[in-house]
């Protein structure tokens with residue numbers, strides 16, 4: 001057991017939940033930060049692609065260099081079975097394609113609050129159904145609690161409600177010269 005695994009197992013059974021909450025927080029911020037980045041590029045035609053370029057650079061820093069350092073620190077061997085590499089590349093491509101879909105939705109005038117709410121309501125449904133297909137329970141689908149299926153329905157209803165009752169746009173901003181004249185009074 002590595003030092004990291006030892007410290008994780010000795011610090012409690014629910015550490016996975018803390019790590020999951022880091023993902024909830026980060027992915028919860030992802031859409032609005034990406035939208036802010038595209039707007040800050042000041043390029044209505046290409047701002048989304050410029051922002052996505054920097055997302056890719058961030059992935060390089062966090063998702064390539066970070067694990068490489070952890071593997072080195074843990075003294076891991078660099079043997080990686082082809083199936084593991086293939087599934088991991090497919091997972092990375094799915095994640096990148098999903099991020100690209102977020103940008104395209106913003107470009108098609110999707111509101112960040114609605115786009116991300118639909119994604120985060122829909123993704124657990126897709127995950128649940130595909131997980132059941134790839135890894136069915138040993139006692140069959142009938143052994144699954146009805147509350148599991150209720151959760152899928154509630155996720156769909158939540159995404160629908162956010163879409164139907166999204167907040168209105170912010171009030172229009174006054175031009176800078178007009179705002180300065182108003183504040184000088």
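The values are calculated or read from the model by the stated rules, or taken from the named source; none is laboratory data. As the structure is a prediction and not an experimental result, all values here were calculated from the model. In this analysis, Cβ positions are derived from the backbone assuming ideal geometry, glycine residues included, and neighbour counts consider all displayed protein chains.
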*Of the residues that make up region 80-103, is at least one out of contact with any strand residue (DSSP E or B) (no Cβ under 9 Å at 6 or more places or on another chain), under 30 Å from residue 42 (Cα atoms) and not in a helix (DSSP H, G or I)?*
no
Log entry, pairs with first residue in region 135-149 being in the same structural domain as residue 125 (by TED's automatic domain parsing) and farther than 15 Å from residue 125 by Cα, second being loosely packed, with under 10 Cβ neighbours inside 10 Å and at pLDDT 90 or above, beta carbons closer than 6 Å, six or more apart or on different chains, reads 137/143
Of the conditions (1) surrounded by 10 or more Cβ atoms within 10 Å (Cβ to Cβ); (2) not in a helix (DSSP H, G or I), the single one that residue 38 does not satisfy is (2)
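Residues checked against (1) part of a helix (DSSP H, G or I); (2) closer than 22 Å to residue 94 by Cα; (3) at pLDDT 85 or above:
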| site | (1), (2), (3) |
| --- | --- |
| 110 | no, yes, yes |
| 118 | yes, yes, yes |
| 126 | yes, yes, yes |
| 138 | no, no, yes |
| 166 | no, no, no |
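Evaluate the following for residue 155: is it in a helix (DSSP H, G or I), in contact (Cβ under 8 Å) with a residue 12 or more places away in the chain and assigned by TED's automatic domain parsing to the domain that holds residue 36?
no
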